[in-house]
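All remarks here apply to the structure that follows.
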């Protein structure tokens with residue numbers, strides 16, 4: 001597929017997954033509009049990374065939408081609740097982790113939908129993943145399909161019937177190692193990405209939260225050092 | 001139905017419709033949490049009205065979420081585009097008016113969904129109306145049903161299956177006169193509400209935008225003067 005003039009909105013958190021998705025959308029020929037969110041996350045540093053990634057990828061526009069989910073609360077990522085460290089990753093009884101942010105992907109996709117409508121874009125990319133984050137309800141394929149159906153009723157395009165909006169989730173069935181391999185093939189600089197839920201002020205990852213652990217396992221399986229660790233002179 | 005301890009999130013714009021919905025939810029016995037949005041609308045004055053209405057109704061909490069849809073644009077309500085005046089209301093060829101804000105209800109409902117999840121609420125109320133606003137895609141019943149289906153897959157409750165979230169749209173099939181009659185019966189003070197898309201700095205309605213026209217027609221059909229006009233010493 002090659003769509004040199006086809007616009008797409010790509011949700012870009014500044015993490016490893018969304019940086020890979022951005023590269024995949026570009027490789028498919030989309031004209032990329034990147035969107036990030038400043039929502040009161042404790043790891044707001046990821047926004048600086050998102051800016052670097054968007055700039056390096058030469059996206060057409062990068063919009064950061066700000067709102068404060070701390071007023072709503074309910075998550076370790078937006079409150080004083082502690083981010084769990086060294087939690088076993090594959091605990092089937094673990095349930096939905098406290099780092100789950102209520103309705104976050106629904107909110108993110110809704111802003112992306114608004115922008116897509118204004119841009120006349122039929123395509124939204126989001127880096128959700130059902131394998132590594134099976135604990136988050138809004139990362140499941142059935143949720144995404146349902147969101148897509150709703151989105152096609154929500155907008156001008158839905159009423160006028162002139163195009164169908166698609167939510168692309170190219171990482172849905174990939175594990176972290178597979179994502180990293182694909183990103184390396186596409187030239188993603190993972191040293192620019194930030195995955196940690198609880199980074200130090202200088203951006204150094206904690207190495208112990210779920211997200212750091214998943215990332216480390218991925219690089220371990222691929223058998224290459226994590227360039228982010230190299231950047232900080234850390235051993236992974 | 002009487003649910004003295006059952007929480008509900010009520011979307012409150014400060015307009016006539018949502019003030020009526022709030023009164024209806026209270027009458028049904030819900031413990032009301034009101035939510036409003038400061039999104040860059042030119043009629044930001046409605047937020048002061050929302051505060052007054054929430055206070056008078058003694059809601060448990062009133063949260064105002066801020067974000068800037070002007071960065072996304074695409075609507076006369078969030079851009080320098082002019083708000084149409086004296087437009088024929090029943091023009092079947094009019095299509096979707098320029099006052100439509102792309103994906104606005106989807107964004108609003110998504111924040112309500114997040115708050116509902118944190119509160120453990122199963123009920124969200126929104127004052128959409130398929131009759132008077134048939135031009136807005138996100139006011140149609142098929143959209144609301146689809147949103148509800150999505151919402152039930154999006155959240156912790158959806159995964160854990162312990163409750164079903166419902167989107168209540170009590171005004172869906174009512175016309176403006178019917179809404180006003182019901183509100184008067186419930187003691188809503190419509191002098192506290194603001195419907196105008198383009199009010200003067202002192203809050204005086206323009207009287208000519210679609211929203212003012214619909215409101216005037218409603219009060220005309222009911223055969224009572226609009227208390228908002230009385231407040232400003234205007235004739236309706």
Cα-based Rg and Dmax for the range B:1-99, in Å, come out at 16.2, 47
For chain A, the Cα-Cα pair-distance distribution in 10 Å bins from 0, as whole percents, is 8, 33, 39, 17, 3, 0
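Considering only DSSP beta bridges whose two residues both sit in the range A:7-231, what percent are antiparallel, to the nearest 5? Could the numbers behind the result be given before it?
Numbers: 0 of 17 bridges.
Bridges in the range A:7-231 are about 0 percent antiparallel.
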Rounded to the nearest 10 degrees, what's the angle between the helix A:104-119 long axis and the longest principal axis of chain A, both from Cα atoms, 0 to 90?
-> 40
When you count, for each residue, the other Cβ atoms within 10 Å and take the mean per peptide, how do A:78-88, B:140-150 rank with the highest first?
-> B:140-150, A:78-88
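Grab the DSSP H runs of chain A that are 4 residues or longer, score each as -39,500 (n - 2.57), total them, divide by all residues and round the 222 nm result to the nearest 500 deg cm²/dmol.
Working: 8 runs with 86 residues, N = 236.
-11000 deg cm²/dmol, from helical runs alone.
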Tell me, what is the percent relative contact order of the range B:7-231, built from C-alpha pairs under 8 Å that lie six or more residues apart?
-> 25
Can you give the angle from 0 to 90° between the axis of helix B:46-56 and the longest principal axis of chain B, with both taken from C-alpha atoms, to the nearest 10?
-> 60
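Residues of B:109-121, mean number of Cβ from any other protein chain within 10 Å of their own Cβ, rounded to a whole number? Don't jump to the answer; show the numbers that get you there.
On the way: counts 6, 10, 8, 2, 5, 12, 7, 3, 8, 7, 4, 1, 0.
Mean partner-chain Cβ count within 10 Å for B:109-121: 6.
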Ranked from fewest to most other Cβ atoms within 10 Å of their own Cβ, A:60, A:228 fall in the order A:60, A:228
State, to one decimal in nm, how far the label point of residue B:87 lies from the label point of residue B:202, with both points 7 Å from Cα in the Cβ direction.
-> 2.8
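Let me make sure I get this right: for the protein assembly as shown, a, b and c are the square roots of the gyration tensor eigenvalues over alpha carbons, sorted descending. Under 1.5 in a/c it's rounded, otherwise prolate if a/b > b/c, else oblate. Which is it? Don't jump to the answer; show the numbers that get you there.
Numbers: a/c = 2.29, a/b = 1.76, b/c = 1.30.
Cα axes put the protein assembly as shown in the prolate bin.
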If we hang a label 7 Å off Cα along the beta carbon direction at residue A:141, how far is it from the matching labels on the other copies, in nm, shortest first?
-> 3.3
Shortest-first distances to equivalent copies, position residue A:66, nm, label 7 Å out along Cβ | 0.8
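Could you work out the mean count of beta carbons from other protein chains within 10 Å of each residue's beta carbon in A:137-147? Numbers along the way, then the final one.
On the way: counts 10, 7, 0, 4, 1, 3, 8, 3, 2, 9, 8.
So the per-residue partner count for this stretch is 5.
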Provide an ascending nm list, one decimal, of label-point separations from residue A:233 to the equivalent residue in each further copy; define each label point as 7 Å from Cα along Cα→Cβ.
-> 7.5
Taking only Cα atoms, what is the 0 to 90° angle, nearest 10, from helix A:141-154's long axis to the longest principal axis of chain A?
-> 30
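Using 1/(1 + (r/R0)^6) with R0 = 41 angstrom and r between the beta carbons of residue A:145 and residue A:234, what's the FRET efficiency to the nearest 0.05?
My answer for the efficiency is 0.55.
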Peptide B:62-69: average number of partner chain Cβ atoms within 10 Å per residue?
-> 4
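Please order A:100, A:229 by the number of other Cβ within 10 Å, starting at the fewest. Kindly include the intermediate steps, with their values, before the conclusion.
Numbers: A:100 23, A:229 20.
Fewest-to-most ranking of A:100, A:229: A:229, A:100.
What ranking do A:108, A:125 get, fewest neighbouring Cβ atoms within 10 angstrom at the top? Before the final figure, lay out the partial values.
Numbers: A:108 22, A:125 25.
By the 10 Å Cβ count, ascending, the order reads A:108, A:125.
Values in this text are rule-based calculations from the coordinates and carry no lab data. None of the values given here were measured: they were computed from a predicted structure. All Cβ positions, even for glycine, are placed from backbone atoms using ideal geometry, and neighbour counts span all protein chains on display.
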